[in-house]
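The structure appears below as structure tokens.
The values are calculated or read from the model by the stated rules, or taken from the named source; none is laboratory data. As the structure is a computational prediction, the values presented were derived from the model and not from experiment. When we count neighbours, we look across all protein chains shown, and the Cβ atoms used for this are built from the backbone with ideal geometry, even at glycine. Calculation scope for accessible area: heavy atoms of the full protein, side chains included, ligands and nucleic acids excluded. Shrake-Rupley method; radii C 1.70, N 1.55, O 1.52, S 1.80 Å.
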Amino acid sequence: MLESSVKVLKEGLMEKRSDGLLQLWKKKRCFLTEEGLLLHPPKQHDQQQHQNRHQITTSEPGKIKELLFSNMKTVDCVERKGKYVYFTVVMAEGKEIDFRCPQEEGWNAEITLQMVQYKNRQAILAVKSTRQKQQHLIVAHGHNIIKNSLA
């Protein structure tokens, strides 16, 4: 996903709970794409403000955290409290990443929707691939039958 530029479907600020002992909320500039979620430190985004709104160049991949849909298991909405909605992204390996954002931003719903669409695209590709393999086997088997009958 860290190509020279990616198409951004939604952009904005969210807060991510840190993994440290104090578990502080840290602001992140987030970019939702068809492949997952990119998390940038807010400072890094300020340097890129003059770029196209719908594309982001990933010039410093070390400071960018990627949450790919291929590695996501679920997005769980934990609670709505005050002006925030709290939710957890559960990764395939079991790691849980907590976020919060203003309720009206709807990040949890957007992430869930894009994750489901990604998984659906992958399932369709898998079915097409299986059908192509089956058709190839049928054609190859058919050629062998014709060859054997001619011999």
Out of all the residues in segment 31-84, which are modelled with pLDDT of 90 or more, within 19 Å of Glu11 (Cβ to Cβ) and open to solvent by 60 Å² or more (accessible area, probe 1.4 Å)?
Glu34, Glu35, Lys65, Glu66
Hits in segment 1-30 (condition: of a type in the set (D, E, K, R) and either at pLDDT 95 or above or under 21 Å from Glu105 (Cβ atoms) (or both)):
Lys7, Lys10, Glu11, Glu15, Lys16, Arg17, Lys26, Lys27, Lys28, Arg29
Tell me which residues, restricted to segment 68-110, are hydrophobic (A, V, I, L, M, F, W, C) and touching a Cys at 6+ places or on another chain (Cβ under 9 Å).
Val85, Phe87, Phe99, Cys101, Trp107, Ala109
Counting only residues that are open to solvent by less than 70 Å² (accessible area, probe 1.4 Å) and either assigned to a strand (DSSP E or B) or closer than 11 Å to Met72 by Cα (or both), how many does segment 93-113 have?
9
